[in-house]
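Student: Before anything else, here's the structure in question.
The values are calculated or read from the model by the stated rules, or taken from the named source; none is laboratory data. Just so it is clear, the structure is predicted and the values come from calculations on it, not from any experiment. Note: ideal-geometry Cβ built from the backbone for every residue, glycine included; neighbour counts use all protein chains shown.
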Amino acid sequence: MYNYFEKKTILLVDDDPNNLRLLQEILQGDYKIYAALSAERALRFLEKMSPNLILLDIEMPGISGYDLIQRLKSDYRWLDIPVIFLTGIEGRESEYKAFEMGAVDYVLKPISANVVRLRVSHHIELQSYKEELEHMVTRKTEQLEKTQDAVLEMLANVTAIRDNETGAHIKRTTGYVELLVNNLIKTGHVDYVVGQEYADNLIKSAKLHDIGKVAIQDGILLKPTKLTDFEFDIIKKHTVFGAHILDQAIKELGDDSYFLFIARQLIISHHEQWDGTGYPGGLERNEIPLAGRIMAVADVYDALVSERPYKAPFSHEEALNIILKDSGTHFDPTLLKLSEPIFSGFAEVAKAYKDENYRFKMFY
């Protein structure tokens, strides 16, 4: 919670010692006061401390008040510090220039104690209110992100309950996706420009890639032997079912649905293949969203290294060789090339999230 009762700090900048003494006498009982006889000294002070407010003389030798405020407003560290100009120049032109330069107010000389107190008090209160609002927005944003993460985890758990093979699979594939997308940020390849917001949403969304399996009947989803062609065609539909699950939420949220939009891309396209032979849309090359291309690598790797009733697990090296062999057919070849430095991390993720540690026990 923002502390309204803590004494606020004010920096006085004026080349006239008499003005500084007068201002200190007026304000020192209510605020922590620091004084600088020049803009140069003020800048040295600002390197060590950021005050809550600056009272700044305009007409000073060397760096003027106008020059100083330009520096303040061009530096992110001091951009938001409110500045009240002190000036002996009256007139609309000087008033306009003061506000144009970014000052919140100005006080005419000779200085009136009552005017200074009221102006300073007013802007200190405004600044405190602004900072409290920023704290509130930050807290609300954090709460929203926690709620968002909890909902995503809940949806992922629904899939895991239906299919015990899925629980650890979700953990592992999310870990692989995190490695892949963070590596793209690091490489900065011109054709794979990834921002942090996209990366964060993709990592969160990875756990939903199989959410559409909740719509697949148990007889097919849980079948311990190899699926028939007909049954496999049903399984394929989990990509479309999953996208449909999110469609209504995306429609309701509108512009606030970016994280679900990324999830939908990933869900519906993670079984597409680079050469166009995948499903459900037969997309090829860059028609496949980057989210789907990344998820495809994670999903296939995990399927290869995992034990299933119908297959033994491949080793990390065997799985990686199979994936690299399918570069340019199943997988995006450039993505694989860029990802080579982090593939060793896949084995560590697989070791950390073993199937036996993530099975849901059903009670009847």
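Student: Can you tell me which of (1) touching a Gly at 6+ places or on another chain (Cβ under 6 Å); (2) at pLDDT 90 or above; (3) outside any loop (DSSP other than H, G, I, E, B) is the one residue 199 doesn't meet?
Tutor: Exception for residue 199: condition (1).
Student: Only one residue in 89, 69 is over 30 Å from residue 210 (Cβ atoms), out of contact with any helix residue (DSSP H, G or I) (no Cβ under 6 Å at 6 or more places or on another chain) and at pLDDT 90 or above. Which one? Spell out the reasoning first.
Tutor: Values: 89 fails: at pLDDT 90 or above.
None of the others qualify; the one that does is 69.
Student: Another question, if that's okay. Would you check if residue 283 is in the same structural domain as residue 172 (by TED's automatic domain parsing), in contact with a Gly (Cβ under 8 Å, 6 or more places away or on another chain) and in a helix (DSSP H, G or I)?
Tutor: In short, no.
Student: A follow-up question, please. Under 8 Å by Cβ, and 6 or more places apart or on different chains, what pairs join a residue from the range 119-139 that is assigned by TED's automatic domain parsing to the domain that holds residue 82 with one that is part of a helix (DSSP H, G or I) and not aromatic (Phe, Trp, Tyr)?
Tutor: Short answer, once both residue conditions are applied: 120/27.
Student: If you scan the range 58-108, which residues turn out to be assigned to a helix (DSSP H, G or I), within 16 Å of residue 40 (Cα to Cα) and over 33 Å from the mean Cα position of the chain (by Cα)?
Tutor: If the condition is that a residue be assigned to a helix (DSSP H, G or I), within 16 Å of residue 40 (Cα to Cα) and over 33 Å from the mean Cα position of the chain (by Cα), then 65, 66, 67, 68 are the ones that fit.
Student: With respect to the numbered conditions (1) under 20 Å from residue 122 (Cα atoms); (2) under 39 Å from the mean Cα position of the chain (by Cα); (3) in a loop (DSSP other than H, G, I, E, B), which one is the sole condition not fulfilled by residue 111?
Tutor: (2)
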